[in-house]
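Each remark here refers to the structure printed beneath this line.
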Amino acid sequence: MRFRVPGVPLIIEGALDLPDFEWRLQPFVESFASSEATYLCRIHGSDAFATSPSKWTGKSHARHVVPTTPSKFAQTIADGIAAREDCYVQADIRGTSAGDALDKGPLRRIAAATGLQVHRQYGPVVNMWWGPSGHKEPLHMDATDGTLCQLYGRKHIVLFPAHCWRDLYPFPATETGMSWAFSQVVQASPDLGAFPRLAQALPHRLELVLEEGEVLFLPAGVAHEISGERLLRDGTPAEHVLSVNRFWRTDPNRVRPHMPEDARRMYDLTLATYE
């Protein structure tokens, strides 16, 4: 608790001790044996569509969404299809053996140690982020505090402080277009002609690698771009990359000052009412 500072990211070590669970690909899939649920798989395509905001015309950075099961998706990872077509699964795994173990163990320990409280809308979510190495989630922000728990593999993470959000050109807040929580810029190849204020944000960029077994506390409003590293820490290939996150109750007054006016209006009508 003494290390937590509002608005400042923090790496937490020693919180993910679950000796009864093995997070390699096959053992993880086998943990679903008694609850082979169906999840939605995002297919982004082989042309970097997921990280090309100029190509997005709807409400998603995926080209297609199809149902899958843990065993089927694991096979697409093993066969190389998931990497080739940039496929990814994001799902709440509450009610599974892994999800329940994470909820009752590490996530509750983190809450007790930090004072974080379960979000009133999302509840005790155990939000799985699962896919092949190399997948990249584009630059975006969350309007709630979050903890990202790295279970298998490593993730390269780019962060920008919350005060940079306007200079990262979020999408306009509309009912039909991409969420206002996503940025229109590609920070790795900045187009300062199209996005001149980006030059003010780039000096504040922070990069880190989240190692297996670590937890990243991500404060509300901190923009982040997250990529699965292709190699494990020992230099061997990562057969998959697996994380879970949870969102926590957050004071809206910490978030509102960093939002453009249109996003703030939408936030006040929706998520802020649950804080």
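Name the residue, out of ARG166, ARG154, ARG205, ARG197, that is on the phi < 0 side of the Ramachandran plot, under 16 Å from the mean Cα position of the chain (by Cα) and not acidic (Asp, Glu).
Sole residue among the options that is on the phi < 0 side of the Ramachandran plot, under 16 Å from the mean Cα position of the chain (by Cα) and not acidic (Asp, Glu): ARG154.
If I filter segment 207-224 down to residues being out of contact with any helix residue (DSSP H, G or I) (no Cβ under 8 Å at 6 or more places or on another chain) and surrounded by 15 or more Cβ atoms within 10 Å (Cβ to Cβ), which single residue comes out as nearest to TRP56 (Cα to Cα)?
HIS224
Can you tell me which of (1) more than 19 Å from GLY228 (Cα to Cα); (2) at pLDDT 90 or above; (3) out of contact with any strand residue (DSSP E or B) (no Cβ under 9 Å at 6 or more places or on another chain); (4) hydrophobic (A, V, I, L, M, F, W, C) is the one ALA113 doesn't meet?
Tallying (1) more than 19 Å from GLY228 (Cα to Cα); (2) at pLDDT 90 or above; (3) out of contact with any strand residue (DSSP E or B) (no Cβ under 9 Å at 6 or more places or on another chain); (4) hydrophobic (A, V, I, L, M, F, W, C), ALA113 fails exactly one: (3).
Taking PHE32 as the residue in question, decide whether it is in contact with a Pro (Cβ under 7 Å, 6 or more places away or on another chain) and surrounded by 13 or more Cβ atoms within 10 Å (Cβ to Cβ). Don't jump to the end; show me each part of the working.
Numbers: in contact with a Pro (Cβ under 7 Å, 6 or more places away or on another chain): yes; surrounded by 13 or more Cβ atoms within 10 Å (Cβ to Cβ): yes.
Spelling it out, PHE32 is indeed in contact with a Pro (Cβ under 7 Å, 6 or more places away or on another chain) and surrounded by 13 or more Cβ atoms within 10 Å (Cβ to Cβ).
Scan segment 38-68 for residues that are in contact with a helix residue (DSSP H, G or I) (Cβ under 8 Å, 6 or more places away or on another chain), loosely packed, with under 13 Cβ neighbours inside 10 Å and over 16 Å from ILE81 (Cβ atoms) and jot them down.
Across segment 38-68, there are no qualifying residues.
Just checking, how many residues over segment 69-81 are hydroxyl-bearing (Ser, Thr, Tyr) and either surrounded by fewer than 14 Cβ atoms within 10 Å (Cβ to Cβ) or under 20 Å from the mean Cα position of the chain (by Cα) (or both)?
Qualifying residue count for the region: 1.
Would it be correct to say that HIS163 is under 18 Å from LEU218 (Cα atoms), part of a helix (DSSP H, G or I) and at pLDDT 95 or above? Let's see the steps before the verdict.
Details: under 18 Å from LEU218 (Cα atoms): yes; part of a helix (DSSP H, G or I): yes; at pLDDT 95 or above: yes.
So HIS163 fits the description; yes.
Collect the residues in segment 151-206 that are surrounded by fewer than 21 Cβ atoms within 10 Å (Cβ to Cβ), farther than 21 Å from ASP262 by Cα and small (Gly, Ala, Ser), keeping them in residue-number order.
Those that are surrounded by fewer than 21 Cβ atoms within 10 Å (Cβ to Cβ), farther than 21 Å from ASP262 by Cα and small (Gly, Ala, Ser): ALA188, SER189, GLY193, ALA199.
Would you mind stating whether SER183 is at pLDDT 95 or above and touching a Lys or Arg at 6+ places or on another chain (Cβ under 6 Å)?
no
If the Cβ limit is 8 Å and pairs must be 6+ apart or interchain, which residue in segment 169-193 that is touching a residue at least 40 places away in the same chain (Cβ under 8 Å) and under 23 Å from LEU206 (Cβ atoms) pairs with which residue that is in a strand (DSSP E or B) and among the charged types (D, E, K, R)?
Listed pairs, sorted by first residue: GLN187/GLU225.
LEU18 fails exactly one of the following numbered conditions: (1) assigned to a loop (DSSP other than H, G, I, E, B); (2) touching a strand residue (DSSP E or B) at 6+ places or on another chain (Cβ under 7 Å). What is the number of that condition?
Checking LEU18 against (1) assigned to a loop (DSSP other than H, G, I, E, B); (2) touching a strand residue (DSSP E or B) at 6+ places or on another chain (Cβ under 7 Å), the one that fails is (2).
Say we look at segment 232-251 and pick out the residues that are over 18 Å from ASN127 (Cβ atoms) and in contact (Cβ under 8 Å) with a residue 60 or more places away in the chain; which of these is surrounded by the fewest Cβ atoms within 10 Å (Cβ to Cβ)?
PRO237
What number of residues in segment 44-53 are part of a helix (DSSP H, G or I) and touching a residue at least 60 places away in the same chain (Cβ under 8 Å)?
Just the residues of segment 44-53 that are part of a helix (DSSP H, G or I), to begin with: 49-51, 53.
Checking the rest, the ones that are also touching a residue at least 60 places away in the same chain (Cβ under 8 Å) come to 50-51, 53.
So the answer is 3.
With the checklist (1) of a type outside the set (A, V, I, L, M); (2) more than 30 Å from ASP100 (Cβ to Cβ); (3) surrounded by 20 or more Cβ atoms within 10 Å (Cβ to Cβ) in hand, flag the one item GLY131 doesn't pass.
(2)
The values are calculated or read from the model by the stated rules, or taken from the named source; none is laboratory data. Nothing here was measured: the structure is a model prediction, and the numbers come from that model. Virtual Cβ from ideal backbone geometry, glycine too; neighbours counted across all protein chains shown.
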